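Contents: one structure, followed by commentary.
The values are calculated or read from the model by the stated rules, or taken from the named source; none is laboratory data. As the structure is a prediction and not an experimental result, all values here were calculated from the model. Please note: Cβ atoms are built from the backbone with ideal geometry, for glycine as well, and neighbour counts cover all protein chains shown.
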Amino acid sequence: MEHTASALPQPATSYTRVRGDGSAYLVGSRCTQCGAKFLGERGNCGHCGARDALESYELASRGRLYNYTIVNRSYPGITVPFVSAVVDLEDGTSIKGNLIGVEPVAEAIPFGMPVRVVFRPAETANAEARGFVAHFFEPA
């Protein structure tokens, strides 16, 4: 499906980018001085303090589940229960997002499980987020 510039989904976060073909990816910053990696674009390194030494890069699309919480209560419009997860990506960056495609019970969610980053309409998690695209994790 081809999108026109005005019909492209809008990124749900400041670190989500949408290409002209409608595909999405996550962007991070890498310090050219010490190699530290961060989610999103930054001007200064939080590890070594270097200024104007960070370059943008596309984050890895695979990783492993580091930690999670099963959320049973949330704001109106948010579908519960859902699994809020922290994932260590293959490139060394850690990010948070919702884990989908698994039953929200502890027995179904092993720590260290391989996952991949996927992009879905944001209303997957929030009924009021129509027109936005968000990242999620699913078992790899």
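For the stretch 96-135, filtering for residues that are under 13 Å from residue 11 (Cα atoms) and surrounded by 12 or more Cβ atoms within 10 Å (Cβ to Cβ) leaves 11. Scan the stretch 101-121 for residues that are in contact with an Asp or Glu (Cβ under 9 Å, 6 or more places away or on another chain) and either within 16 Å of residue 26 (Cβ to Cβ) or basic (Lys, Arg) (or both) and the total you get is 4. Can you find a residue in the stretch 40-57 that is in a strand (DSSP E or B), loosely packed, with under 12 Cβ neighbours inside 10 Å, of a type outside the set (Gly, Ala, Ser) and touching a strand residue (DSSP E or B) at 6+ places or on another chain (Cβ under 8 Å)? Looking through the stretch 40-57, at least one residue is in a strand (DSSP E or B), loosely packed, with under 12 Cβ neighbours inside 10 Å, of a type outside the set (Gly, Ala, Ser) and touching a strand residue (DSSP E or B) at 6+ places or on another chain (Cβ under 8 Å).
Check the stretch 35-42 and report whether any residue there is under 20 Å from residue 125 (Cβ atoms) and not assigned by TED's automatic domain parsing to the domain that holds residue 108. Within the stretch 35-42 (the criterion being under 20 Å from residue 125 (Cβ atoms) and not assigned by TED's automatic domain parsing to the domain that holds residue 108), the answer is yes, since at least one residue qualifies. Restricting the stretch 59-93 to residues that are small (Gly, Ala, Ser) and modelled with pLDDT of 95 or more leaves a set whose member that is surrounded by the fewest Cβ atoms within 10 Å (Cβ to Cβ) is 84.
Every residue, every condition in (1) in a loop (DSSP other than H, G, I, E, B); (2) under 25 Å from residue 41 (Cα atoms), yes or no:
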{"residue": "75", "(1), (2)": "yes, no"}
{"residue": "87", "(1), (2)": "no, yes"}
{"residue": "92", "(1), (2)": "yes, yes"}
{"residue": "96", "(1), (2)": "no, yes"}
{"residue": "107", "(1), (2)": "no, no"}
{"residue": "112", "(1), (2)": "yes, no"}
{"residue": "116", "(1), (2)": "no, yes"}
{"residue": "120", "(1), (2)": "no, yes"}
{"residue": "137", "(1), (2)": "no, yes"}
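For every residue, the table says whether it meets (1) free of Cβ contacts under 8 Å to residues at least 12 places away in the same chain; (2) under 13 Å from the mean Cα position of the chain (by Cα); (3) under 20 Å from residue 133 (Cα atoms).
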position: 13; (1), (2), (3): no, yes, yes
position: 34; (1), (2), (3): no, no, no
position: 49; (1), (2), (3): yes, no, no
position: 80; (1), (2), (3): yes, no, yes
position: 83; (1), (2), (3): no, no, yes
